[in-house]
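So the structure is just underneath, and the comments pick up after that.
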Amino acid sequence: MAQTETVQFNLARAFDTLVETLAERECIVWRDRRLTYAELSGRSKRLAAYLHARGLGVHTERAHLAGHESGQDHVGLALYNGNEYLEGMLGSYGARVAPFNVNYRYVGEELRYLFNDGAPRALIYHASLAPTLGEVLPTLDSPPDVLLQVADETGHALLPGAVEYEEALAGSSPDGAPVEPSPDDLYILYTGGTTGMPKGVLWRQHDIFMAAMGGRKVGTWETVKSYEGITERLAESIPLKLLVLPPLMHGAAQWASFMLMAQGATLVFPDDPRRVDPDDVWRTVERERVNTMIIVGDAVLRPLILQLDKATYDLSSFFAVGNGGAALTPAVRDLALARLPNLIISDSGGSSETGAQMFVVRDDTTTAGNFLPGPGTVVVDEALTTVLAPGHEGNGWLAQTGYIPLGYLGDADKTARTFPVIDGVRYSIPGDRARLLADGQIELLGRDSVTVNSGGEKIFVEEVERAIAGHPAVADVVVVGRPSERWGQEVVAVVQLAEGPEWAGTPAASIVEHASGFIARYKLPKEVVFVPVVQRSPSGKADYRWAAEQATAGEA
């Protein structure tokens, strides 16, 4: 793909450019905390100065490194949503330090693996996580030597050697770190680990800025060509208020936040940043006159819409929902449009290894799973040798070229497998199956790692989930495969029933019968396992490892 911009971008400088125009506009709103763009910038610069003063920065420039290598010190962000997360990102970028996301649900061995893999020299964390971190940090191969603890309602004491976050900022220089950030500096995003061990995806900041963090508009794919162009674009933008529901440790939330800040938006967080409380969400929309929100799939949107039957809210300011990271089924889309007829529902496709790839506005004319591809988004053949033409036979791999990552931190072999070269062009192929249809749309079939091979047929679990989710008794569903003597693998649906006495005791046969109206018989689940609550990541993504355990337990 041709690179048409005339400069290379760094995320810290891009944000500084926004502040020149938006200094007094509110950037973050949470409870009674209201920070302007200038205030967020000032706090981020103080953090950058603190990290630099503690000796963190760059030790090897990008030109001397392989794609799977980092030449920067790393900062782990073990934080819930709030201004500290964005300060942690921007402050690190300003000090030429690479922050990475830490899943706040991880415990014990999960954290030990993540920290040994990511090797953070610094850790910024909420006080509520201190007890768990206090047990894990002493067991690491190389524990972080800078600990910043963000106070919260738990009031946990500082870990040994830790400094209170606000105290660190107050004692630091407001001028930032005396370094010049580079477009080659890293953006690191750890994958969710719901199908395997998390991997740190390494991006050049210029590439992730263009792919997903404000350098181009999703949908039109128009790119900004210069830092001056960022300022010029602000004059054409409508200053929206965005409600951020997914955790900022999830790429979709980071990308949406930076993309909307690049348009001068105000980011709003619900009062409770640790879970999605439907009443809290709609009260926040009402109080702050929110215009749009980002969600991750049915698991987030369905409870929000059902809440509208339980209470009345002034939603006159609200007109759009942006979905990404998990499928939004026709059943939940229709549920939303029945209660909010003028709602605009946009759906984006992409991954940690590709950035934003595809986009569509969902209505009753669109097909679930189909997207309009962005620049550089293609489908390649099974053997990874050819880019397929529209209307090709069989299934292929969804691929991205152009603005793509450097590789996986510390893993040269997986880097080579995921980012192959085809006809002299380097692609990112993280493992999603897809078809390029004759009309140019891409049909996203699903991640190959959770595909069920039953009796020689490949069954994409997302397709089965969509078929089951339309049953009125189903509040949530995750589909997995389990070993079968007859079929090799068999399809199992793990189902959470909707609230209400009318749905209690819904038979499995009813759910299978409903699904049979949408998918072929061989794709239907051989068993339905009912659970009180379907477990998902805090962002709303399906936890397929957990679901596989439930399917096996159901068989037993």
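What to note about this one:
- HN-Hα J in Hz across the stretch 118-124 - Karplus 6.51, -1.76, 1.60, θ = phi - 60°, x for Gly and Pro: x, 6, x, 8, 9, 9, 10
- Reachable lysines, given that their alpha-carbon falls under 17 Å from the alpha-carbon of Lys225 and they are not under 8 places away in the same chain: Lys217
- For the pair the stretch 528-544 and the stretch 83-111, the centres of their Cα atoms are 25 angstrom apart.
- Rounded tilt (10° steps) of 298-307 against the dominant C-alpha axis of the chain: 90
- When Kirkwood radius over Cα pairs in Å is computed from the coordinates, the matching label among (1) 24.3; (2) 25.0; (3) 26.1 is (1).
- 10 Å Cβ shell holding at most 15 others, DSSP loop, trypsin sites (Lys or Arg not before Pro): longest site-free stretch of the chain: 311-485
- Within the chain, antiparallel bridges make up roughly 60 percent of the DSSP beta bridges whose residues both belong there.
- Helix axis angle, 544-555 relative to the chain longest principal axis, alpha carbon, degrees: 30
- Anchor Lys458: lysines whose Cα lies under 29 Å away (excluding residues fewer than 8 positions away in-chain): Lys199, Lys414, Lys523, Lys526, Lys541
- Share, in percent, of DSSP beta bridges within the stretch 451-555 that are antiparallel, nearest 5: 80
- Rounded to the nearest Hz, the phi-derived 3J(HN,Hα) couplings of the stretch 380-393 under the Karplus curve 6.51 cos²θ - 1.76 cosθ + 1.60 (θ = phi - 60°) are 10, 6, 4, 7, 6, 10, 9, 7, 7, 8, x, x, 5, 7, where x marks glycine and proline.
- Mean residue ellipticity, 222 nm, helices only, the chain: the sum of -39500 (n - 2.57) across DSSP H runs of n ≥ 4, divided by residue count and rounded to 500, is -8500 deg cm²/dmol.
- Chain lengthening between Asp439 and Ser317 when straightened (0.36 nm per residue, less Cα-Cα): 40.3 nm
- GluC sites (Glu not before Pro) restricted to the stretch 337-438 and DSSP loop, no more than 10 other C-beta within 10 Å: Glu393
- Charged-residue dipole, Cβ positions (Lys, Arg, Asp, Glu), the chain about Cα centre, Debye nearest 20: 280
- Cα convex hull, the stretch 146-235: 233 Å³ per residue, rounded to a whole number.
- Computed from the Cβ-Cβ distance with R0 of 30 Å, the FRET efficiency linking Thr154 to Thr60 stands at 0.15.
- Seen from a random direction on average, the alpha-carbon convex hull of the stretch 451-555 projects onto 6.4 square nanometres.
- Counting 0.36 nm for each residue step from Asp271 to Ala23 and taking away their Cα separation leaves a gain of 86.8 nm.
Where a number appears in this text, it was derived from the coordinates with a stated rule and is not lab data. What you are looking at is a predicted structure, and each value in this text was computed from that prediction instead of being measured. Every residue, glycine among them, receives a Cβ derived from its backbone with ideal geometry; neighbour counts consider all protein chains shown.
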